[in-house]
Amino acid sequence: MPNIIVDRISKTFGNLQAVKNVSFEVNPGEIFGLLGPNGAGKTTSIRIMLDIFKADSGTVSILGGAMTEEKKNRIGYLPEERGLYQDIQLERCLVYLATLKGLEESEARGRINDYLEKFDLADARKKKVKELSKGMQQKAQLITTLVHKPEVVIIDEPFSALDPVNTQMVKDLLKEERHRGTTIVMCTHQMHQVEELADRIALINAGETVLYGGLTEIRRRFASDGVLVRAVNSLPSAIPGVQEIRPHNSSTLLKLENGKTPQEVLNTLIHQGIILEHFEIALPSLDEIFIQVVNHESE
Amino acid sequence: MKMNKTWLVFRNEYATHVKKKGFIFGILSMPLFVVLMVLVGFVSVWLEHNPAPVGFIDLNHVMGNVQQVPLKKKQPFPPVHSLPFEDESSAEQALRDGSIQAYFLLTDNYFNSGEVIMVTTEKTGANAEHDFGDFLVHNLVKDQPPVLAERLREGPNLIIRSLDGAREMAADDWVSILMPILAGVLFVIAVNISGNYLLQAVVAEKENRTMEIIVTSISPGQLMAGKVLGNLLVGLTQLFTWFIFAIIALKLLPTVFPVKFTPRVDPAGILLIAATFLPAFVMVAAFMGAIGATATDPREAQQITGWFTIPIVIPLWFTNVFMFNPNGALSVAMSLFPVTAPIALPFRAAFTTVPQWQIILSITLLCLLAAFALWLSGRIFRLGMLRYGKRVRLREAFSKSGSKP
């Protein structure tokens, strides 16, 4: 049974319909990407899921039903608007927020110490939060999201303000959490991160769900008739069944003629004595799909 | 053991605020201010004091064989000696050459008119008149039996009792009168300080952008209750500390100055103050929290708070009304109206016997308004928590969908 069921939620602020009949489900132990351009309604959807906002219509089931005070302890949330108490010591701030999530103080201290070591923040524990860099605060915020070992984690732009090293560390952490069985909803613009991490996605545009499903399935759905090849020897200038040949990064994209299959083109290349290093069906990147869908919607 | 979340917020609020420099300065500023005022008073009296003797001419020997007023224990400034002169010209000469600071002439018809002429110079101290007055009274009654002489010097120990016998107080028991005034002033100061802390705390949640983290961890009701109670204790800590300083001062004062009073603590008065101040504190704190949630920035919140606290101090402007007409319509109305009651009710009770039904009604109204304020602040807090730079309007809080944005 899905851990999160969002069923046709709608929300209007004044004259603005922020969310319109948005629906999706998130299964236990998966990373779910909630994508969309700025102002698409992602954050409003998250706030409705977390019972911060009340939906005008539709329902949300989280961990088997409506949100309760008890369930708040089983959910970790990293909001888009990052916030920590600036005027107190980092350790005290983290312990306070962890105890509000139902941890005993001694247990919270122990776990926070482990996280501070892991995130290379141990030396900053007695520093005031306002003295930390943006990246350090981002990592501290992530600790507050994960410290109580939540069953559901909802993170809004988890990689903002992080350098490549810390980005990789967060990615590894999210993979660990998934491995642990945590359900993760990741809201981000950074498509390459989603491609690397997410199992399934929902793309929201202008308050509506415009794309929803497994990542591979969606990429296949948007795949053009082409293959990517890399050969040891050079490719001929014309290949039967291929209407266009053009370079694509370190490979070459072969655009197939209508009715031709990748298998047929592969056979042709082998018969022509081309020694292949690499052959794959050209799938569009999530960035390309995102732009394609959003542009199509806005037309 | 897992702790209640309201308790966690309460503890965090209290620990955060009592460790602030502003709080410590606030706690120490009042006793330091009082000590400074006492010192200034002492120094000004000392500067006005002239230890040089005064002279007197008692033409009709109304004082007989004069005696100097015996020195009292712990008297900061001993009384000046009064030197007799046979005639006014010798006294005038002594005044001119500076051996005395002033002289007093008891006129021929002193017993009929009480008339005494004081001749002074610019150097005459402020103590000369008072000290000679004591000297005159002391010598006029010195031949009377000691008990009678004491009574004549000290006057009657007047006890004022109400017609129904329910209230009784000594006429010089100024502590009983001063207590509600002082308590009221301290209440206003403390409520402002801790209310402002609460307001800052709520605004800080918005400024720090911690609202979303907090409301996904704890309910707004629990959060507001923890904040209100935490800041209530901050205010009470401040009041209690000042109270301790006051007790110490009252204990120390008689060892330094010959003040003669034995303040009687009226338990009913204390109970009344506590019964009005506690719900009033909750009411004010909750409203302050609500203001914090509606405001867009701390400066705006501060401005709104200023307007909000004015009605609370209104009874202090009508001190004479409470003193001379404690059962008049205005006094009764202010002691029943919840916003003015915290100060007006104990204040009025210092001057009259307030009917029991009025006390019960006043405290009940205060408790109801405090509960309403808490409810309203929770509602406004929920509406205003994620609004940055946009104010919450009061009518939104009362709208049907006002429980959630």
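The values are calculated or read from the model by the stated rules, or taken from the named source; none is laboratory data. Since we're looking at a predicted model, the values are computed, not measured. Every residue, glycine among them, receives a Cβ derived from its backbone with ideal geometry; neighbour counts consider all protein chains shown. Side chains included, ligands, DNA and RNA excluded: accessible areas come from the protein's heavy atoms. Shrake-Rupley method; radii C 1.70, N 1.55, O 1.52, S 1.80 Å.
Scanning region B:15-25 for residues that are more than 12 Å from chain A (Cβ to nearest Cβ) and either of a type in the set (Val, Ile, Thr) or buried (at least 19 other Cβ atoms within 10 Å of the Cβ) (or both) returns B:Val18, B:Ile24.
Return yes or no: is B:Ser335 within 19 Å of B:Leu178 (Cβ to Cβ), assigned by TED's automatic domain parsing to the domain that holds B:Pro279 and not β-branched (Val, Ile, Thr)? Spelling it out, B:Ser335 is indeed within 19 Å of B:Leu178 (Cβ to Cβ), assigned by TED's automatic domain parsing to the domain that holds B:Pro279 and not β-branched (Val, Ile, Thr).
Got at least one residue in region A:267-276 being in contact (Cβ under 8 Å) with a residue 12 or more places away in the chain, of a type outside the set (S, T, N, Q) and within 30 Å of A:Ile201 (Cβ to Cβ)? Looking through region A:267-276, none of the residues is in contact (Cβ under 8 Å) with a residue 12 or more places away in the chain, of a type outside the set (S, T, N, Q) and within 30 Å of A:Ile201 (Cβ to Cβ). When you check B:Pro263 against the structure, is it at pLDDT below 80, away from every other protein chain (no Cβ under 14 Å), outside any helix (DSSP H, G or I) and closer than 26 Å to B:Phe42 by Cα, yes or no? For B:Pro263, the condition - at pLDDT below 80, away from every other protein chain (no Cβ under 14 Å), outside any helix (DSSP H, G or I) and closer than 26 Å to B:Phe42 by Cα - is met. Per this entry, B:Leu366 is counted among residues that are at pLDDT 90 or above, away from every other protein chain (no Cβ under 14 Å) and surrounded by 19 or more Cβ atoms within 10 Å (Cβ to Cβ).
Across region B:338-345, not a single residue is classified as assigned by TED's automatic domain parsing to the domain that holds B:Thr276, open to solvent by 40 Å² or more (accessible area, probe 1.4 Å), in a helix (DSSP H, G or I) and free of Cβ contacts under 8 Å to residues at least 40 places away in the same chain.
Residues that are under 15 Å from B:Gly55 (Cβ atoms) and charged (D, E, K, R) within region B:81-136 comprise B:Glu86, B:Asp87, B:Glu88, B:Glu92, B:Arg96, B:Asp97, B:Lys123, B:Glu129, B:Asp131, listed in sequence order.
Of the residues making up region B:225-245, those that are away from chain A (no Cβ under 14 Å) and touching a residue at least 40 places away in the same chain (Cβ under 8 Å) number 14. Quick check on A:Leu84: is it aliphatic (A, V, I, L, M) and within 22 Å of B:Asn12 (Cβ to Cβ)? Taking the combined requirement at face value, the residue satisfies it. Within region A:21-50, the set of residues being in a loop (DSSP other than H, G, I, E, B) and either away from chain B (no Cβ under 14 Å) or in contact with a Lys or Arg (Cβ under 8 Å, 6 or more places away or on another chain) (or both) comprises A:Asn27, A:Pro28, A:Gly29, A:Glu30, A:Gly36, A:Pro37, A:Asn38, A:Gly39, A:Ala40, A:Gly41. Can you find a residue that is on the phi > 0 side of the Ramachandran plot, open to solvent by 10 Å² or more (accessible area, probe 1.4 Å) and within 10 Å of the chain's Cα centre (by Cα) anywhere in region A:155-163? Checking region A:155-163: at least one residue is on the phi > 0 side of the Ramachandran plot, open to solvent by 10 Å² or more (accessible area, probe 1.4 Å) and within 10 Å of the chain's Cα centre (by Cα). For region B:13-20, indicate whether the set of residues that are closer than 25 Å to B:Ile189 by Cβ and hydrophobic (A, V, I, L, M, F, W, C) is non-empty. Checked region B:13-20: at least one residue is closer than 25 Å to B:Ile189 by Cβ and hydrophobic (A, V, I, L, M, F, W, C).
Which ones in region A:106-145 are open to solvent by 20 Å² or more (accessible area, probe 1.4 Å) and either closer than 24 Å to B:Ala204 by Cα or not assigned by TED's automatic domain parsing to the domain that holds A:Pro79 (or both)? A:Arg125, A:Lys126, A:Lys127, A:Lys128, A:Lys130, A:Glu131, A:Ser133, A:Lys134, A:Met136, A:Gln137 - these are the residues of region A:106-145 that are open to solvent by 20 Å² or more (accessible area, probe 1.4 Å) and either closer than 24 Å to B:Ala204 by Cα or not assigned by TED's automatic domain parsing to the domain that holds A:Pro79 (or both).
The numbered conditions (1) surrounded by 22 or more Cβ atoms within 10 Å (Cβ to Cβ); (2) part of a loop (DSSP other than H, G, I, E, B); (3) within 14 Å of chain B (Cβ to nearest Cβ) are all true for A:Tyr77 except (2). Scanning region A:225-269 for residues that are of a type in the set (S, T, N, Q) and either assigned by TED's automatic domain parsing to the domain that holds A:Arg200 or farther than 25 Å from A:Ile289 by Cβ (or both) turns up A:Asn233, A:Ser234, A:Ser237, A:Asn267, A:Thr268.
Exactly one residue out of A:Ala18, A:Ala98 is assigned to a strand (DSSP E or B), out of contact with any Cys (no Cβ under 7 Å at 6 or more places or on another chain), touching a residue at least 40 places away in the same chain (Cβ under 8 Å) and open to solvent by less than 40 Å² (accessible area, probe 1.4 Å), and it is A:Ala18. Mind telling me which of the residues B:Ala204, B:Ala190 ends up being surrounded by fewer than 21 Cβ atoms within 10 Å (Cβ to Cβ) and either within 18 Å of B:Tyr14 (Cα to Cα) or without any contact (Cβ under 8 Å) to a residue 12 or more places away in the chain (or both)? Of B:Ala204, B:Ala190, the one residue that is surrounded by fewer than 21 Cβ atoms within 10 Å (Cβ to Cβ) and either within 18 Å of B:Tyr14 (Cα to Cα) or without any contact (Cβ under 8 Å) to a residue 12 or more places away in the chain (or both) is B:Ala204. Of all residues in region B:272-292, those being over 18 Å from B:Thr340 (Cβ atoms) and at pLDDT 85 or above number 0.
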